[in-house]
Amino acid sequence: MADTSSLPPSGSGDSSPVPPEPPQEPLEAFVTKIFIGRDGIRAGWRVLIFVAAVFILDTVATLIELSLGYTVVLHPRATAQFFLLTDGPFFVVVLLASWVMSKLERRSVSNYGLPWRNAFCARFWQGVVIGFVALTALLGAMRLIGVFHFGAIGLHGLAVIKYAVIWGAVFLVVGFFEEFAFRGYPLFTLTTGIGFWPAAIVISACFGLVHRGNSGESWAGVFTVVLVGLLFCLLLRRTGDLWMPIGFHAAWDWAQSYFYGVPDSGNVSSGHLFNAHFSGPVWLTGGTVGPEGSWLCVVLLVALFVIFAFTMRGAKYPDPESLAPRSRAERLPPLFPTSS
């Protein structure tokens, strides 16, 4: 019988042993563990990269605005120009930064909750109706207990249509910016690291703290903004994208600032329909914050959360395909994972 002990194993093209990977030094292993997960850079660090990109792009946009002679003047009454010159460029900056990250991670911007194929479809208009009706119900409850008064109509003729359209456009921009800045790339990426609801809590807390810088804002108002953020996260989770939250957000702000003329996070807009006013304890009226600072708003938001949680079944966000491993030809660069 022939001796085959010296032959390579069947099906093996190379019998030479594979050298083991050299062990990492303790410091190198520690640094790797902090920054790198099993698939690449950890989610938290990717969010910080995104924030840095937003900061750099915003600085460039500000320099361009200054070179063109555009300046933002703070005014005790919120103006359409103020919002358009702040939130408008901010949205473009956030969208551009998200696009850059999507290319690095070989994803689509639509994976971050803004699929353009669903733009202004039924979900958006449902959000518009719900946002306006919800704010109207809140002010109606305040009127029933005697702490809110609609006041006289402050606009007449073509001014009614003019300011309705202007503020409608403004708060659509605000809705796009705030929803995509917080519940776009940052929420998606943190979800890949710690799960959806822990990420939603972190993002909503940041959303509330940012509003603390508004003039006339209070900690009660910040708490309400956090709840609003969680409500919008629920709508995103159950509908699959940000179009319903954007519609809700824009209509809520439009109803406050233009239609009823009440403070919105401490800001009173110029050119509003009703000259409304409050009278009563701050915990009911919201004080300088407006209805968002009222504890009645907390009750409303909790009720809406429960209603949507029971009427909208099934998690549709994030899309599992956006988190699934790619084929060998489409595999992501090692520093930018599909999940962690």
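The values are calculated or read from the model by the stated rules, or taken from the named source; none is laboratory data. For clarity, every value in this text was computed on a predicted model and none was experimentally measured. Positions of Cβ are backbone-derived with ideal geometry, glycine not excepted, and every protein chain shown enters the neighbour counts. What goes into the accessible areas is simple: the full protein's heavy atoms, side chains included, and nothing from ligands, DNA or RNA. Shrake-Rupley method; radii C 1.70, N 1.55, O 1.52, S 1.80 Å.
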Fill in: From the options Ser218, Ser279, residue that is polar (S, T, N, Q), open to solvent by 10 Å² or more (accessible area, probe 1.4 Å) and at pLDDT below 90
Ser218
Worksheet item: Just one of Phe90, Phe176 is at pLDDT below 95 and aromatic (Phe, Trp, Tyr); which is it?
Response: Phe90
Practice prompt. Name the residue, out of Leu236, Leu242, that is in contact with an Asp or Glu (Cβ under 7 Å, 6 or more places away or on another chain) and either among the hydrophobic types (A, V, I, L, M, F, W, C) or surrounded by fewer than 18 Cβ atoms within 10 Å (Cβ to Cβ) (or both).
Written response: Leu242
Item to complete: Quick one: in the stretch 205-215, of everything that is closer than 18 Å to Asp264 by Cα and of a type outside the set (Phe, Trp, Tyr), which residue is least open to solvent (accessible area, probe 1.4 Å)?
Response: Gly208
Practice prompt. Go through (1) closer than 22 Å to Gly140 by Cβ; (2) among the aliphatic types (A, V, I, L, M); (3) in contact with a helix residue (DSSP H, G or I) (Cβ under 8 Å, 6 or more places away or on another chain); (4) open to solvent by 50 Å² or more (accessible area, probe 1.4 Å) one by one and return the number of the condition Val289 breaks.
Written response: (4)
Worksheet item: Restricting to helices (runs of 4 or more DSSP H) lying wholly in the stretch 209-313: which have 2 or more residues that are farther than 25 Å from Phe120 by Cβ and within 17 Å of the chain's Cα centre (by Cα)?
Response: 219-239
Worksheet entry | Filter pass, Gly69 being part of a helix (DSSP H, G or I) and not β-branched (Val, Ile, Thr) | no
Worksheet item: Is it true that some residue in the stretch 132-151 is under 26 Å from Leu234 (Cβ atoms), of a type in the set (D, E, K, R) and more than 19 Å from the chain's Cα centre (by Cα)?
Response: no
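Per-residue answers, yes or no, for (1) out of contact with any helix residue (DSSP H, G or I) (no Cβ under 7 Å at 6 or more places or on another chain); (2) open to solvent by less than 20 Å² (accessible area, probe 1.4 Å); (3) within 24 Å of Val210 (Cα to Cα):
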{"residue": "Gly151", "(1), (2), (3)": "yes, no, no"}
{"residue": "Ile161", "(1), (2), (3)": "yes, no, no"}
{"residue": "Val170", "(1), (2), (3)": "no, yes, yes"}
{"residue": "Glu178", "(1), (2), (3)": "no, no, yes"}
{"residue": "Leu187", "(1), (2), (3)": "no, yes, yes"}
{"residue": "Thr192", "(1), (2), (3)": "no, yes, yes"}
{"residue": "Gly195", "(1), (2), (3)": "yes, no, yes"}
Discussion item. Residue pairs, Cβ under 9 Å, 6 or more apart or interchain, first in the stretch 125-146 and without any contact (Cβ under 8 Å) to a residue 60 or more places away in the chain and at negative phi, second open to solvent by 60 Å² or more (accessible area, probe 1.4 Å) and part of a loop (DSSP other than H, G, I, E, B). List them.
Written reply: Arg143/Phe150
Worksheet item: Among (1) in contact with a helix residue (DSSP H, G or I) (Cβ under 8 Å, 6 or more places away or on another chain); (2) modelled with pLDDT under 90; (3) assigned to a loop (DSSP other than H, G, I, E, B), which single condition is Ser322 missing?
Response: (3)
